[in-house]
Structure formats: structure tokens, C-alpha cells
Amino acid sequence: MIVLAPGGRFHSHSGFIPHDQLIGALDGASIKASNGSRYDVTRPSLSDRVVLMPRGAQVIYPKDLSAILMAADIYQGARVLEAGVGSGALSMALLRAGADVVGYEIRPDFASRAAANVADFIGADAHYEIRLNDIYEGIDERDLDRVLLDLPEPWRVVPHAQAALRPGGILLSYLPTINQVATLHEALNHSSFGIAETFEVLWRTWHIDGASVRPDHRMVAHTGFITHARLLHDTSPS
Ligand code: SAH
């Protein structure tokens, strides 16, 4: 991923390309480098950005981001609280889908990095606010539509999310180990959340070349587990 500048040159093992050849060209240009090799040039997609952008904390990868948008049922204008913000990859996916996002983050350096990444990709007018808050201490907002967590001890947030979400709201948590998932479910079982589900996304790409059609030899075997649940309330007469 490069930023074009007049007079600049992109160098690689297969020769160089003057930036001026790309400035003003259509997205998707196919151009020849100095040694004759061909380069296909496109503007970075959100998925490219997330994988290639500068990061402080580990980002959530595109395969999981896409599943999170559906599992958390993100929509235009949804009021979402996200913690921790990290490098802002999940924030970018949520904002792209039209949500209004408040992010809690305890590390000021990560908060600045995320704010810069979001401003760069979504724009300075994004519906996005980062607060330097520890979410284990509580959630100030009320009537939220969704609470999304990517931090080590989400079970500590369950009571806060229960108070902050509107009825029917969704709590979603992204966790690297299944032990953490089990502890989270234990907390959910003792809360007003229900319809809980945990899943993972196995993304297997394929090699397709003439008669050779088979799965690629390598895949990312594990990233994280996604758990989601809904805030219920008992309306039966006592
Ligand atoms: N989802 C992010 C990555 C989050 S990494 C992305 O896609 O880019 C986890 C983040 O949680 C770290 O930045 C860490 O500082 C933050 N964090 C950990 N505990 C926290 C807490 N109690 N409150 C708020 N943020 C917390």
C-alpha cells in the first residue's frame, strides 16, 4: 500500500513505476514496470486497509469483521459501544456499515492510532468518539443498540452491558481462547442475556488454475471465537 506523490517512484524486485503514471489514472489500472513486468493497481479496499494499515494492537481480520457485522446486526444509525478500540479495524468496519460508534480504550497511544486510522479512511466527519475509559469500571451510555467487546475479560462487562443496552440489544465478544468463551457463557447464564451462540469462521481459499482445482495448501487455522447474545426481559405475570 503506497501513497502517491508527484515525482515519486515505487521500487520493487521487478523494476520501478513512476507515481506520475498512476496519478489521474483510473482505479484498476494495469501498467508495465521498467523491466516489463505487469502491475495491477487498485485503491485499497477496507479489507486491504485493515491488514496493511499501521497498528498498535493486533487487529480483527476481515473474515471475522464481516461475520461480526452480521452477528451483531449492525445497521445505519445503530448506537454502538465498542471496547477496546485497539488499532481501529473493527471501528472502521462498523462506521462503514453506518453505525454511530463510541469506543472505550485504556491506552492513549492506541486511541490516537485508531483515531488517525479512522480519520484517514472514513474521514474526519465519521460518527466516532473515543473515550479513555476502562470498560470494566462501567458504561456511561444508556439505550445502546449494541455492545461489542475485543478485550481479555468480557465477563466483567456483562452487568454493565445489561444496564447500558436497550431491550433486545446485542452483546458481542471476540475472544482468542475457548476457556475465555466458557467463562463468558457462565456470566451470561447468570444474567438477563439469552439466545447466546459462539462460532468461529474458517476461511479456506482455493487454488484454481486450469485442471488444477483444489484448496490452497495453507490457511489461517485460528484467529478468534465470536460470541453473541441478546438482552431479554421477563414479561410473564408472577
Ligand atoms: N478490535 C480492535 C483491537 C482491540 S485489541 C481492532 O480491530 O483494531 C484490545 C484493546 O483493548 C487494546 O487496545 C487494549 O488496550 C484495550 N483494552 C484492554 N482492556 C480494556 C478495558 N478494560 N477497557 C478499555 N479498553 C481495554
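The values are calculated or read from the model by the stated rules, or taken from the named source; none is laboratory data. No experiment lies behind these values; they were computed from the predicted model shown. Using ideal geometry, Cβ is built from the backbone for each residue, glycine included, and neighbour counts are taken over all protein chains shown. Please note that ligands, DNA and RNA were not included when accessible areas were found on the heavy atoms of the full protein model with its side chains. Shrake-Rupley method; radii C 1.70, N 1.55, O 1.52, S 1.80 Å.
Roughly how many Å is it from the Cα centre of region 69-104 to that of region 114-146, as a whole number? Spelled out, the Cα-based centre of one part sits 8 Å from the other. Would you work out what percent of the accessible area of region 31-132, with all protein chains in place, is carbon or sulfur (probe 1.4 Å)? It is 52 percent, rounded to a whole number.
Using Cβ point charges alone (K and R +1, D and E -1), the dipole size of the chain about the Cα centre works out to roughly 780 debye. Projecting the Cα positions of Ile60, His160, Leu148 onto the charge dipole of region 46-231 (unit charges on Cβ atoms of Lys, Arg, Asp and Glu, taken about the Cα centre) puts Ile60 furthest along the positive direction. In the context of the full set of protein chains, residues of the chain present 55 Å² of accessible surface per residue (probe radius 1.4 Å, heavy atoms only).
Scan the chain and hand back the longest stretch that contains none of the trypsin sites (Lys or Arg not before Pro) lying in DSSP loops with at most 14 other Cβ atoms within 10 Å. For trypsin sites (Lys or Arg not before Pro) (loop position, at most 14 other Cβ atoms within 10 Å), the longest site-free span of the chain is 1-141. Listed peptides 114-120, 24-30 appear in the order 114-120, 24-30 once ranked by packing, highest mean of other Cβ atoms within 10 Å at the front. For the chain, a Gaussian network of Cα nodes joined below 10 Å ranks Met53, Met70, Met219 by mean-square fluctuation, and the top entry is Met219. Remark: relative contact order (the chain) = 14 percent; criterion is Cα-Cα distance under 8 angstrom and separation of 6 or more residues. The modelled label-to-label distance between Tyr75 and Asp20, using points 7 Å beyond Cα along the C-beta direction, is 5.2 nm. When the chain is treated as a GNM, springs tying every alpha-carbon pair under 10 Å, which of Thr205, Thr183, Thr227 comes out with the largest mean-square fluctuation? The residue that fluctuates most here is Thr205.
When the charge dipole of the chain is built from unit charges on Cβ atoms (+1 for Lys and Arg, -1 for Asp and Glu) and taken about the Cα centre, the candidate among Tyr104, Thr183, Gly36 whose Cα reaches farthest toward its positive end is Gly36.
Of the accessible area of region 163-213, computed with a 1.4 Å probe over protein heavy atoms only, carbon and sulfur atoms account for 57 percent.
Put simply, the amide H of Gly103, placed in the peptide plane, has neighbours under 5 Å in Glu82, Glu129, Ile130, Arg131, leaving out anything fewer than 5 places away on its chain. Placing a label point 7 Å from the Cα of Leu4 along the Cα-to-Cβ direction, the residues of region 18-48 whose backbone N falls under 16 Å from that point are 18-33, 39-45. Charge tally around Gly84: other residues with Cβ under 15 Å, Lys/Arg +1 each, Asp/Glu -1 each, net -3.
When the Gaussian network model of the chain links Cα atoms closer than 10 Å, the mean-square fluctuations of His228, His207, His160 top out at His207. Relative to one another, the C-alpha centroids of region 161-233 and region 1-59 are positioned 34 Å apart. Any chance you could give the angle, 0 to 90 degrees and rounded to 10, that helix 62-71 forms with the longest Cα principal axis of the chain? Approximately 40 degrees, to the nearest ten.
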